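Data first, discussion second: the structure below is written as structure tokens.
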Amino acid sequence: MEFLTAEWLDKPLWMWGGFLSVVLALLAFDLGVLNRKDREMGIAQSLWLSAFYIGFAMLFGAGIWWAHDAGALATSDGTHAGVAFFTGFFIEKALSIDNVFVISLIFGYFAIPRAYQYRALVWGIIGVIVLRGIMIAVGAALVQEYSWVLYIFGAFLIGTGIKMLVVPEGDPDMAQNPIVRFMRRHMRVSDTLHGQKFFVREADPKTGAMARVATPLFLALVVINIADLIFAVDSVPAIFAITTDTFIVYTANIMAILGLRALYFALAAMVHRFHYLKYALALVLVFIGGKIFWNQIVGKVDPAISLGVTLAMIAGGVLWSLWKTRKDTTAIAG
């Protein structure tokens with residue numbers, strides 16, 4: 001059992017294994033018990049399930065905070081583990097709201113019924129766990145080997161924030177999406193859904209021989225994971241700007257994404273009411289990016305101040321959006 005105490009990315013293997021075991025157990029319970037049957041998830045169930053995931057994330061973060069204060073958990077860069085976790089969690093949660101809009105467009109393009117959407121989202125979590133892990137591991141290795149990479153992250157965050165402030169949003173054209181076009185050219189794809197199945201066997205229209213083909217549900221799953229990877233290009237550097245501790249960065253990311261999948265069905269019905277959150281998130285990215293340069297040139301910003309400013313901006317964006325769209329009676333449609 002000595003290998004469990006061996007360190008990987010500055011943390012013992014038992015800590016990584018314990019976290020992943022908890023995540024997989026949650027997904028197994030979610031997919032195998034709560035949503036074993038294909039049915040449409042209502043807004044009420046979406047909110048209750050999301051509240052469960054958020055509550056679990058809060059307890060996990062509280063445990064990290066307690067472990068840090070008790071001297072049982074230290075970060076590789078000396079930051080407060082609890083403050084860093086909650087700051088990263090809230091940033092990732094807020095940034096992911098834009099992801100909800102893209103996911104809804106993907107499901108709409110592939111004509112995926114709501115009864116199958118949640119199962120696809122939960123299976124997509126497995127891909128996210130792996131892809132985010134790779135991105136974070138690579139980012140951590142770069143930061144550890146070349147500390148100046150943080151300046152690139154900071155400049156990227158500032159540039160992204162400014163772009164969000166000044167460049168108007170446009171709806172992505174799924175028909176011209178290069179991933180969709182590539183998969184349709186290089187894979188056999190069925191034109192019809194087959195329930196919750198990602199692959200089925202169908203007769204080849206030319207030869208008549210039975211062949212394994214992908215369903216539109218599988219294409220939607222792949223495109224959603226690619227979209228999540230693109231969104232991670234913003235969120236992962238943002239959390240690295242808060243702490244370079246790989247364990248905190250990874251756990252904050254995964255905890256935020258777990259709850260977002262559950263919240264999707266409630267947010268998809270009212271995502272247009274969060275229009276002004278985009279500007280708050282842009283300011284958060286500029287603030288986090290600027291903090292990197294401030295820390296190196298002037299002095300380290302108190303992590304509690306960083307957490308407070310981040311929460312204030314996100315909360316302000318949410319409340320202002322809801323206030324400005326309060327007369328929108330279509331918010332709860334569907």
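The values are calculated or read from the model by the stated rules, or taken from the named source; none is laboratory data. Being a predicted model, the structure only gives us computed values, none of them experimental. Cβ atoms come from the backbone with ideal geometry, glycine included; neighbour counts cover every protein chain shown. Protein only, heavy atoms only, side chains kept; ligands, DNA and RNA dropped before computing areas. Shrake-Rupley method; radii C 1.70, N 1.55, O 1.52, S 1.80 Å.
From the list 101, 153, 182, exactly one residue is farther than 29 Å from residue 279 by Cα, in a helix (DSSP H, G or I) and open to solvent by 20 Å² or more (accessible area, probe 1.4 Å). Which is it?
Values: 101 fails: farther than 29 Å from residue 279 by Cα; 153 fails: farther than 29 Å from residue 279 by Cα.
Criteria check complete, one pass: 182.
Filter the range 229-245 down to residues that are part of a loop (DSSP other than H, G, I, E, B), of a type in the set (Ser, Thr, Tyr) and either without any contact (Cβ under 8 Å) to a residue 40 or more places away in the chain or open to solvent by less than 30 Å² (accessible area, probe 1.4 Å) (or both), then give me how many there are.
Kept after step one, since they are part of a loop (DSSP other than H, G, I, E, B), are these residues of the range 229-245: 241-245.
Next cut, of a type in the set (Ser, Thr, Tyr) only: 243-244.
So of that shortlist, the ones also either without any contact (Cβ under 8 Å) to a residue 40 or more places away in the chain or open to solvent by less than 30 Å² (accessible area, probe 1.4 Å) (or both) come out as 243.
Number of matching residues: 1.
Do any residues in the range 64-85 that are at pLDDT below 90 have Cβ atoms under 6 Å from those of residues that are open to solvent by 40 Å² or more (accessible area, probe 1.4 Å), where the two are at least six apart or on different chains, and which pairs are they?
As it stands, the answer is 76/10; 79/303, since those pairs meet every condition given.
Taking the options 13, 27, 59, name whichever one is at pLDDT below 85 and not polar (S, T, N, Q). If you could, list the steps in order and put the result at the bottom.
Details: 13 fails: at pLDDT below 85; 59 fails: at pLDDT below 85.
That would be 27, the only listed residue that is at pLDDT below 85 and not polar (S, T, N, Q).
Could we say that residue 112 is among the hydrophobic types (A, V, I, L, M, F, W, C), touching a residue at least 12 places away in the same chain (Cβ under 8 Å) and under 30 Å from residue 176 (Cα atoms) here? I'd like the intermediate steps shown before the answer.
Details: among the hydrophobic types (A, V, I, L, M, F, W, C): yes; touching a residue at least 12 places away in the same chain (Cβ under 8 Å): yes; under 30 Å from residue 176 (Cα atoms): yes.
The answer is yes for residue 112.
When you go through (1) assigned to a helix (DSSP H, G or I); (2) in contact with a helix residue (DSSP H, G or I) (Cβ under 9 Å, 6 or more places away or on another chain); (3) open to solvent by 10 Å² or more (accessible area, probe 1.4 Å) one by one for residue 255, which number turns out not to apply?
(3)
Could you please let me know if residue 133 is surrounded by fewer than 19 Cβ atoms within 10 Å (Cβ to Cβ) and either on the phi < 0 side of the Ramachandran plot or touching a residue at least 24 places away in the same chain (Cβ under 8 Å) (or both)? Outline the logic, then answer.
On the way: surrounded by fewer than 19 Cβ atoms within 10 Å (Cβ to Cβ): yes; either on the phi < 0 side of the Ramachandran plot or touching a residue at least 24 places away in the same chain (Cβ under 8 Å) (or both): yes.
Judged against the criteria, residue 133 is a match.
Across the range 185-228, which residue is least open to solvent (accessible area, probe 1.4 Å) among those that are farther than 20 Å from residue 109 by Cβ and among the charged types (D, E, K, R)?
204
Read through the list (1) outside any helix (DSSP H, G or I); (2) under 15 Å from the mean Cα position of the chain (by Cα), then give the number of the only condition that residue 147 fails.
Result: residue 147 passes all but (2).
Here's a check for you: in the range 229-261, which residue that is under 17 Å from residue 106 (Cα atoms) and of a type in the set (A, V, I, L, M) is farthest from the chain's Cα centre (by Cα)?
Step one: of the range 229-261, the residues under 17 Å from residue 106 (Cα atoms) are 229-231, 260-261.
Now drop any that are not of a type in the set (A, V, I, L, M), which leaves 229-230, 260.
Details: 229: 9, 230: 10, 260: 7 Å.
Across the range 229-261, the extreme among qualifying residues is 230.
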